[in-house]
1. Measure off, as a whole percent, the carbon and sulfur share of the 1.4 Å-probe accessible area of segment A:414-461, all protein chains present.
2. Ignoring ligands, DNA and RNA, what percent of the 1.4 Å accessible area of segment A:306-400 is carbon and sulfur?
3. Modelling each spin label as a point 7 Å along the Cα-to-Cβ direction, I'd like the A:R444/A:E91 distance in nm, to one decimal.
4. Express the C-alpha Rg of segment A:1-139 as a ratio against the empirical globular expectation 2.2 N^0.38 Å, rounded to two decimals.
5. What is the ratio of the Cα radius of gyration of segment A:306-400 to 2.2 N^0.38 Å, where N is its residue count, to two decimals?
6. On a 0 to 90 degree scale, rounded to 10, what angle separates helix A:306-329 from the longest Cα axis of chain A?
7. Select from segment A:247-281 those GluC sites (Glu not before Pro) which occupy a DSSP coil region and have at most 10 other Cβ atoms within 10 Å, ordered by residue number.
8. For segment A:4-257, what does the alpha-carbon gyration tensor say about shape, rounded, prolate or oblate, given a ≥ b ≥ c as the root eigenvalues, a/c under 1.5 as rounded, and a/b over b/c as prolate?
Amino acid sequence: MSLKLYNTLTNQKEEFNPIEKNKVRMYVCGPTVYDKCHIGHARCYIAFDVIRRYLEYCGHDVTFVENFTDVDDKLIRKSNETGEDPFEIAERNIGDYFRDMDALNVKRADMYPRATQHIPDMIAFIERLLEKGDAYVADGDVYFSVEKVADYGRLSGVNVEQMKAGARIAVDEKKRDPLDFALWKKAKEGEPKWESPWGEGRPGWHIECSAMSLKHLGETLDIHGGGQDLIFPHHENEMAQSEACSGKQFVRYWLHNGFVTIREEKMSKSLGNIVSVEDLLQEYSPETLRYFLVASYYRKPIDFDEDALEEAKKAVARLLNTVDLVKEARQGDFTGESLSTDHYRQQFQEAMNDDFNTPAALAVLFELARDVNRRIEEKNVDKESLENVLNTFMELGGDVLGLFFEVKHEEFSEELLEILISVREQVRKKNLWDISDTIRDRLREIGIALEDTPEGTRWKFVRD
RNA sequence: GCCGGGGUCGCCUAGAGGCUAUGGCCGCGGACUGCAGAUCCGCUCACGUGAGUUCAAGUCUCACCCCCGGCUCCA
């Protein structure tokens, strides 16, 4: 059973073999921090979070690097609009990014290099390209010469000749060829700038990923990921300049996640339909959001709407309830037949090995949930099995998919709650239903759900 | 125009040649229950259209009809 993943470079599923056995070098294009994170960012970073987690589950030692683009046109524009310093804008959005991603249980990368902290690396990279004759200086700008790359377009499948013929390329007097792209941009008035051999200026967009991945992960990466929109021009250009520089293959497996649409429309500033993670977390639990995003195959588009989130909320609750039931059951005196989780684990792995097929993997968890619920209901399962089932849920649904995780609750007295529950028990014995229901309703309002069972009343924290 | 991805139950979502097509949500019936919740059991004639290949086709081929994305702002 081997892991296969869909490689954008070859347009097919390939068996995954890292350069070094059990060692994975992985780079994901992080956000340009000019604004808050939206649902599309969440989709991307959760997708690659799951990929990273699964690789780790398979025993790989993953080095995961994700960058922050903290200097670029959009940041500068934003700064000009608001008057706020661009670096402050970046800093604030980076803080928000961590807050949102932490809330969504996205594991932290091993490194978060920032463009502005790698200016010398980028300059050195550009100098090397100039030495090799793959780039040229033009009036303070430096451009990469696309014609030096024989197979330019091989990642994205763009047709070079056709693009040249088309009118979609902005004409720029300084460029020798319209497809050439900027490595270094000459400083303009009021923009952030750094000293360079070509005068003051700032780096182009693509160079940062090439320079930073080279520095932190080496010349060849095992996995490079990002949103589908980055395939062209960003990744095509990264690949062109990195391979020109090193003479080696830049990335073995290119992975790209699909987009999120909002009620069947593209999410965009002009449509004003951007849904921020911050806002979503006001309405929905991290588990719900995460489930929603993981319930589709990462390469397919997802359409966002409230109904879909409501569905996700109920679906994930089923799994969460089962985990609670198993936790509770293993405390009781259960005996009976054993329930092996081997089959489910194997099915889960089979699904994940098929290019991280999380919907199929979830289906396996639901099957396990149904089967263990039935056994608990029948009181026909031994404690060891329950323990095993719980571990299976925590590893597959928790460690790999990131759906189950502990959250901190405000300090409160469990003892007081127990007293309240026992008082309620007494009034229930006297059929004083209005009082007992009031207690239950009021507790529910503050996030504590009571459930009456033949074995007594149990309570749990709930999040919507 | 060029390139790419799709159309599977009421809705969402897997499956890519072969036993009764995955899982979820909703709906209906039942068990349990003071109610609620949770859980369990059962039910509900889903593969865009038309040809072809094959003993066998959601699954391969061709044609057609629709949908979506990219083509230097984008995760």
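The values are calculated or read from the model by the stated rules, or taken from the named source; none is laboratory data. Everything numeric in this text was worked out from a predicted model, so none of it was measured. Neighbour counts run over all protein chains shown; Cβ positions are idealised from the backbone, glycine included. Side chains included, ligands, DNA and RNA excluded: accessible areas come from the protein's heavy atoms. Shrake-Rupley method; radii C 1.70, N 1.55, O 1.52, S 1.80 Å.
1. Values: 1810 of 3390 Å².
About 53 percent, which is the carbon plus sulfur part of the accessible surface.
2. Details: 1910 of 4480 Å².
Summing carbon and sulfur atoms, their accessible area is 43 percent of the total for segment A:306-400.
3. Label at A:R444, label at A:E91, 4.7 nm between them.
4. Values: Rg = 18.1 Å, N = 139, 2.2 N^0.38 = 14.3 Å.
Here the answer is 1.26, to two decimals.
5. Values: Rg = 13.7 Å, N = 95, 2.2 N^0.38 = 12.4 Å.
Compared with the compact-globule rule of thumb, segment A:306-400 sits at 1.10.
6. Relative to chain A, helix A:306-329 is tipped by roughly 50 degrees.
7. Values: sites: A:E264, A:E265, A:E278; in loops: A:E264.
Here the sparse-neighbourhood loop sites are A:E264.
8. Values: a/c = 1.69, a/b = 1.17, b/c = 1.44.
Oblate.
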